[in-house]
Structure formats: structure tokens, C-alpha cells
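As C-alpha cells, the structure follows; a few thoughts come after it.
The values are calculated or read from the model by the stated rules, or taken from the named source; none is laboratory data. From a predicted model like this one, the values you see are computed outputs, not experimental measurements. We place every Cβ from the backbone using ideal geometry, glycine too, and count neighbours over all the protein chains shown.
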Amino acid sequence: MNRTAASLAALLAAASPLLVSLAEAHHSFAMFDPSKARSLRGVVREFRWVNPHVSLFVLADAPDGGKPEVWAVELTSPGNLTRLGWNRRSLKPGDKVLVEINPLRNGQHGGGLPRQRSAPS
């Protein structure tokens, strides 16, 4: 093995724990609080059909009757949703929705959809 290949192998070996932890963090749902549930009633502002996770942005009614707030909701991958009957046209801006999420632990306006269901009809 030449010196360049050996250096590259050593660098990759040293970086592999970092790469593994980044991959695990990406696929972790630890940022969402599974002990809490929140219902968002509002209208779709945007629906992004992209990998690795589909995103839904909802202009949701404020619980205190105040000004509506934009919430970001993370779903699963497009592939998983396709198997449940979803597609990139399942939701469009202006559609009325009721979404139950596990909110972000940090209190920001976002959450994860805890259970993927069949596509909206």
C-alpha cells in the first residue's frame, strides 16, 4: 500500500465514528417528544416531497385564538409514503388539515408525525 492510500485509510478509520454518529443523529427522532401530542388544525402552506423526509408546513390556528402560526412537520420518506398511497400531489397549498404531531422538545413550532397513515382522501 502506498503512502497516500495508507494516509487515506487512516483518515477514514479515524473519521468513521463521527460519520456513524452523524448518520444515527440524522435518523434519530430524539428531537421530538413522544410523551406529548399536539393537534394542528389549519391549512397547508407547503408540501415538500423530497428525500430523506417529506415535509409539511401548516399555517395552524393558534391555541389562544391569536394569529395563525406556521408549523413544520416531518414525515417519513417518499418511498414509505408511496407504499401507503401517498404521492407528491396528496396535499397542496390551501388544503385544510388536522395533523397530530409529537412536538419538538425545544419548543419551536415543529414536530414529527408519529404514525404514517394512508394518504388523505
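Taking only pairs six or more apart or across chains, which ones have beta-carbon atoms under 8 Å, a first residue in region 94-121 that is over 13 Å from Arg38 (Cα atoms), and a second residue that is of a type in the set (Ser, Thr, Tyr) and at pLDDT 95 or above? From region 94-121, the pairs are Ala119/Ser90; Pro120/Ser90.
Looking only at residues in region 40-77 that are of a type in the set (Gly, Ala, Ser) and in a loop (DSSP other than H, G, I, E, B), the one that is surrounded by the most Cβ atoms within 10 Å (Cβ to Cβ) is Ser77. Suppose the filter is surrounded by 12 or more Cβ atoms within 10 Å (Cβ to Cβ) and not in a loop (DSSP other than H, G, I, E, B); does Trp86 pass it? It is false that Trp86 is surrounded by 12 or more Cβ atoms within 10 Å (Cβ to Cβ) and not in a loop (DSSP other than H, G, I, E, B).
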